[in-house]
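Shown next, in structure tokens, is the structure this report addresses.
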Amino acid sequence: MAFLNMLRKRLGGLLLVVFGVSLITFSISHLIPGDPARLIAGDRATDAIVDNIRHQLGLDLPLYQQYGRYMLDLLHGDLGTSIRTHRPVLEDLQAFFPATLELALAALTLSILVGVPLGVLSAVYHNRFIDQVARTLAVTGISTPAFWLGLGLIVLFYGHLNWLPGSGRLDEGLDPPRTITGFYLIDSLLAGDTGLFFNALQHLILPTITLGFVNLGVVARQIRSAMLDQLGEDYIRTARAYGLSKWAVILRHALPNALIPSVTVLGLTLGDLLYGAVLTETVFAWPGMGAYVVKSIQSLDFPAVMGFAIMVSFIYVLLNMAIDLLYRLIDPRIGEVN
Amino acid sequence: MKSIFTPSTLAMALLCTAMGLGAWQSASAAVPQDTLMIGKPSDPQTLDPAVTIDNNDWTVTYPAYQRLVTYKVENGKGSTEVAGELASSWTTSADSLTWEFKLKPGNTFDDGAEVNAEAVKFSFDRVMKLKQGPSGAFPDDMAVSVVDPLTVRFTLKAPYAPFLSTLAHNGAAIINPDVAKKAEGADAYLSNHTAGSGAFKLVNWQKGQALTMEQNSYYAGPKPTLKKVVVKIISEASVRRLQLEHGDLDIIEDMPEDQLEALAKKSGIVVGDYPSLRVTLLYLNTQKAPMNNPDARRAIVESLDYDGIINGILKGKAKPLNGPIPQGMWAYDEKLPAFKQDMDKAKADLAKVSPKVSNLTFMYSDKDPNWEPIGLTLQAGLQPLGVNLKLEKLANASMRERLGTGDFDIAIGSWSPDFADPYMFMNFFFDSKLKGLAGNRSFYDNPAVDKLIRESASTNDMAKRTELYQQAQKIVLNDSVYAYLYQKAYTLPMSEKVKGYVFNPMLEQVFNVGTITK
């Protein structure tokens with residue numbers, strides 16, 4: 001019951017967030033100077049042409065009517081039509097978002113796979129050589145601009161060594177797998193095409209390292225600090241006293257407890273990765289949301305910008321819900337207390 | 001604790017690694033000789049010729065469609081004169097109001113359908129009905145009628161001298177009328193596909209990644225040497241450069257000056273400089289004090305360090321202007337002297353302005369990185385004259401809004417012609433009906449000039465038109481309506497393997513892929 005209540009509350013909150021985000025984005029889009037109709041028509045167009053385009057887009061209606069129209073369409077699952085690409089915004093988001101999500105998830109996986117062991121080792125070998133190495137790596141990760149790292153990796157692995165491709169999701173001439181999830185790695189495996197899978201994997205390596213490296217440091221530092229707290233607790237000493245091996249205590253007792261505060265960080269990290277992917281996408285010509293949103297903002301394409309903002313807010317709320325559920329899985333006591 | 005390194009997991013890991021190595025290939029395979037790879041920073045917005053006004057989209061649309069006329073190529077160079085493309089000949093009535101075009105027989109669209117007068121009518125009616133940006137190139141009272149299957153007639157209400165040139169514009173593309181039968185509707189279909197009779201057709205568009213064009217097997221012209229043209233979208237300039245150096249791209253667009261210098265030194269790469277008709281000028285707001293005083297405007301024009309701007313900021317990749325019509329466009333007056341900095345004259349002219357000018361603003365945006373240093377140059381030029389120039393940087397959309405309403409003293413901008421006629425400069429820059437963003441960005445209003453330029457636009461006699469435009473030029477130069485800074489070269493780095501590229505100043509970002517070889 002408690003679980004259902006929480007779910008109900010969160011879903012109600014989700015609707016409120018979407019409404020709030022749509023209202024704020026709509027207001028901002030219409031407050032900034034600039035005329036999307038003029039941008040489409042071109043500078044040299046006569047006022048009659050601009051007026052015609054403004055009318056076609058419904059931009060000549062009073063603001064409240066425009067907003068009402070937008071929300072009505074939104075309730076029917078229609079995010080409107082992009083002013084710039086002339087395609088439905090939903091279609092554009094479906095085309096670009098899976099690429100961003102695939103990259104963000106790959107980077108998150110890298111951050112976890114490297115960051116968690118690094119954090120654990122740093123805590124266990126506190127202030128020893130391995131801790132110093134991990135700290136240096138974490139600080140470097142946090143302070144390295146993705147732009148710089150990405151270009152450096154391209155120059156080395158594409159320019160000099162020719163081991164990995166320099167841009168895009170697949171080699172020129174290869175057709176993407178049939179879209180099921182939108183993730184090339186998964187879709188190519190589902191299609192049974194290992195050649196395509198490895199090609200997509202090759203393309204994913206450098207962007208993943210670039211994007212993941214920054215968050216790897218964050219994850220490692222978070223795990224280290226949580227582990228240090230746990231390792232100082234009485235139950236650890238008790239467990240050791242019972243004769244459990246050092247690593248059994250660390251991995252079976254200390255780590256699960258240290259993971260609870262870290263789950264929050266990991267959840268928010270995914271949000272950061274989705275947002276931070278913009279720069280990485282630019283460097284690697286990764287066809288994700290980054291370039292699409294930046295171009296949309298420059299073109300005052302407010303249906304596209306609003307569609308993106310609503311989608312991201314949706315994801316943030318869902319992520320937070322997922323984190324709450326994860327808490328319960330890691331430590332069932334949390335659900336009982338609530 | 002149970003180890004994960006059991007014999008079975010190790011064997012599994014080895015197997016996966018072996019499979020991986022087997023499938024792993026070199027990072028890049030050489031681009032086939034019959035494929036041209038073009039790298040550009042942004043994805044096209046729409047491929048509908050009746051909607052797009054962006055040259056970035058024309059890279060795909062121009063070779064996919066044909067038009068009634070096309071720009072001539074003379075000695076491997078693009079010309080501002082037109083020749084028939086789909087049209088074999090044309091006639092004009094004595095009053096220049098009726099134009100009749102005979103179509104060449106045997107031209108077909110990429111699905112095998114015939115290109116006929118109905119298709120021409122369909123295409124132009126669609127442009128005028130949609131009333132989007134490209135419709136502005138044509139007279140809005142134009143009527144198109146079918147005389148017979150291979151003859152089409154255009155009827156205008158008023159004479160429009162540049163009419164023939166406008167038919168080579170991207171918006172004048174002849175579209176297959178069968179698109180009307182597409183399930184999603186013609187407009188939706190054409191924004192994502194091509195349906196023309198050009199040498200190439202679009203076969204695949206992976207949004208944000210690449211557009212692939214292949215030969216149109218029904219193309220009636222000479223068979224192209226290239227089989228495939230791929231436009232790759234790579235937003236980061238240094239990555240485009242690296243891929244060109246690596247041989248994965250053949251041509252790259254939109255490179256910053258410093259990268260061009262480095263590229264020019266690389267073997268196997270040619271950085272071509274082509275004389276463009278893109279001009280950069282300062283808009284001097286003739287409706288707002290103190291710039292409404294011609295002496296104040298003259299002082300601005302005289303205080304500018306033209307040589308410093310061209311050689312220092314543009315690194316010599318531009319030519320000075322001597323008036324509104326750039327070199328390379330007919331009606332250009334070579335007798336006019338180029339502008340030069342003259343601080344004594346500037347001081348004298350400024351002294352005539354009352355009340356004394358002490359503060360001015362210079363409005364610019366982030367659209368062109370050269371605009372800020374140009375503003376600083378002007379600021380340095382005005383400082384000894386006792387004028388404090390405030391630099392005001394805006395987002396491009398905001399700057400356009402302010403340009404449209406005339407809310408500035410001095411602003412900077414670039415202009416390039418859509419069709420090969422001095423009308424694009426003289427009428428757009430000075431006609432009082434086109435004040436604001438449309439063209440007359442200095443808000444100039446002079447009935448004598450209006451009369452001259454409008455008369456020039458309504459006659460087909462080229463000698464008379466040139467004379468009228470040159471008369472108007474003298475007046476507007478004396479009035480210092482704009483400060484004409486430079487005519488920039490169009491720079492394009494490409495692999496030395498690419499042969500036969502023809503630059504046309506009206507068609508920046510368009511490649512003659514039908515005749516390019518590799």
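No value in this document is a laboratory result; all are computed from the given coordinates. Everything numeric in this text was worked out from a predicted model, so none of it was measured. Counting neighbours? That spans all protein chains shown, and the Cβs are built from the backbone with ideal geometry, glycine included.
Computed from the alpha carbon atoms alone, the convex hull of the range A:264-308 holds 75 Å³ per residue. What is the distance in Å between the Cα centres of the range B:482-518 and the range A:177-207? If you average the Cα positions of each part, the centres end up 37 Å apart. So how tilted is helix B:55-64 from the main axis of chain B? Cα-based, degrees 0 to 90, rounded to 10. Between helix and principal axis, roughly 60 degrees.
Distance between the pseudo-spin-label points of residue B:95 and residue A:325 (7 Å out from Cα toward the beta carbon): 7.6 nm. Across all directions, the shadow cast by the convex hull of the range B:167-214 built on its C-alpha atoms averages 4.0 square nanometres.
Computed over the alpha-carbon atoms, the range B:355-474 gives an Rg to Rh ratio of 1.05, Rh here being the Kirkwood radius from the mean inverse distance. Taking every DSSP helix (H) stretch of at least 4 residues in chain B, weighting each as -39,500 (n - 2.57) and dividing the sum by the residue count yields a mean residue ellipticity at 222 nm of -8500 deg cm²/dmol. Applying 1/(1 + (r/R0)^6) with R0 = 35 Å to the Cβ-Cβ distance of residue A:315 and residue A:247 gives a FRET efficiency near 0.45. Quick check: the angle from helix B:396-405's long axis to the longest principal axis of chain B, C-alpha only, nearest 10 degrees? Once rounded, the angle reads 30 degrees. Across chain B, Cα-Cα distances exceeding 35 Å account for 42% of all pairs.
Ranking B:36, B:420, B:289 by Cα position along the charge dipole of chain B, where only Lys, Arg, Asp and Glu carry charges on their C-beta atoms, puts B:36 farthest toward the positive end. Close amide-amide hydrogen proximity is noted between residue B:39 and B:232, B:250, B:251, B:252, B:253, each under 5 Å apart and 5 or more residues distant or on a separate chain (H modeled in the peptide plane; Pro and chain starts excluded).
Taking Cα atoms only, the orientation of helix B:462-478 departs from the longest principal axis of chain B by about 60 degrees.
Membrane-span-like helices in chain A (whole DSSP H runs, Cα extent of at least 30 Å along the helix axis, mean Kyte-Doolittle hydropathy of at least 1.0): A:2-31, A:89-124, A:255-284, A:302-330.
If only the Cβ of Lys and Arg carry +1 and only the Cβ of Asp and Glu carry -1, the dipole of the protein assembly as shown around its Cα centre is close to 1460 debye.
Diagonalising the gyration tensor over the Cα atoms of the range A:181-338 and scaling each eigenvalue by 5 before taking the square root yields semi-axes of 38, 21, 16 Å, largest first. Computing Rg and the Kirkwood Rh from the Cα coordinates of the range B:279-488 gives a ratio, Rg/Rh, of 0.94. Once C-alpha pairs closer than 8 Å and six or more residues apart are averaged by separation and normalised to the residue number of the range B:279-488, the relative contact order reads 34 percent. Less than 18 Å from a label point 7 Å out along the Cα-to-Cβ axis of residue A:130: which backbone N atoms in the range A:222-248 qualify, by residue? Residues A:222-232, A:245-248 fall inside that zone.
The alpha-carbon of residue A:246 sits under 24 angstrom from the alpha-carbons of these lysines, leaving out residues fewer than 8 places away in its chain: B:2. Derived scalar couplings between HN and Hα for the range B:39-49 equal x, 9, x, 10, 5, x, 8, 8, 9, 7, x Hz in order, rounded to whole Hz, by the Karplus curve 6.51 cos²θ - 1.76 cosθ + 1.60 (θ = phi - 60°), x for Gly and Pro. Could you tell me what % of all Cα pairs in the protein assembly as shown have separations over 51 Å? Of all Cα-Cα distances in the protein assembly as shown, 26 percent exceed 51 Å. Partner shielding of A:48-56 amounts to 4, given as the average count of beta-carbon atoms from other chains within 10 Å of each residue beta-carbon. Within chain A, all pairs of alpha-carbon atoms sorted by distance into 10 Å bins from zero give the percentages 5, 19, 25, 25, 17, 6, 2, 1, 0.
Exposed loop sites are taken as GluC sites (Glu not before Pro) in a DSSP loop (any state but H, G, I, E or B) with at most 16 other beta carbon atoms within 10 Å; the longest stretch of chain B without one runs B:1-183. Calculated mean residue ellipticity, 222 nm, chain A: -24500 deg cm²/dmol, from DSSP H runs (n ≥ 4) at -39500 (n - 2.57) each, averaged per residue and rounded to 500.
If R0 is taken as 45 Å, the Cβ-Cβ distance between residue B:356 and residue B:259 corresponds to a FRET efficiency of 0.50.
Across the range A:93-302, Cα pairs under 8 Å and at least six residues apart give a relative contact order of 36 percent. Given 20 °C and 1.002 mPa s, compute D for the range B:35-252 with the Stokes-Einstein relation, Rh being the Kirkwood radius over Cα pairs; round to the nearest whole µm²/s. The Stokes-Einstein estimate is 118 µm²/s. With the highest mean first, a sort of the peptides A:150-160, A:175-185, B:31-41 on other beta-carbon atoms found within 10 angstrom per residue produces B:31-41, A:150-160, A:175-185. Inter-chain neighbour count for B:403-409: the average number of beta-carbon atoms from partner chains within 10 Å of each residue's beta-carbon is 1. Hey, with R₀ at 45 Å, roughly what FRET efficiency would residue B:414 and residue A:228 work out to, going by the Cβ-Cβ distance, to 0.05? Calculated value: 0.15.
With a threshold of 24 Å on the Cα-Cα distance, the over-threshold entries among B:40/B:497; B:340/B:393; B:232/B:488; B:121/B:451 are B:340/B:393; B:232/B:488; B:121/B:451.
The mean number of partner chain beta-carbon atoms within 10 angstrom of a residue's beta-carbon across peptide A:280-286 is 5.
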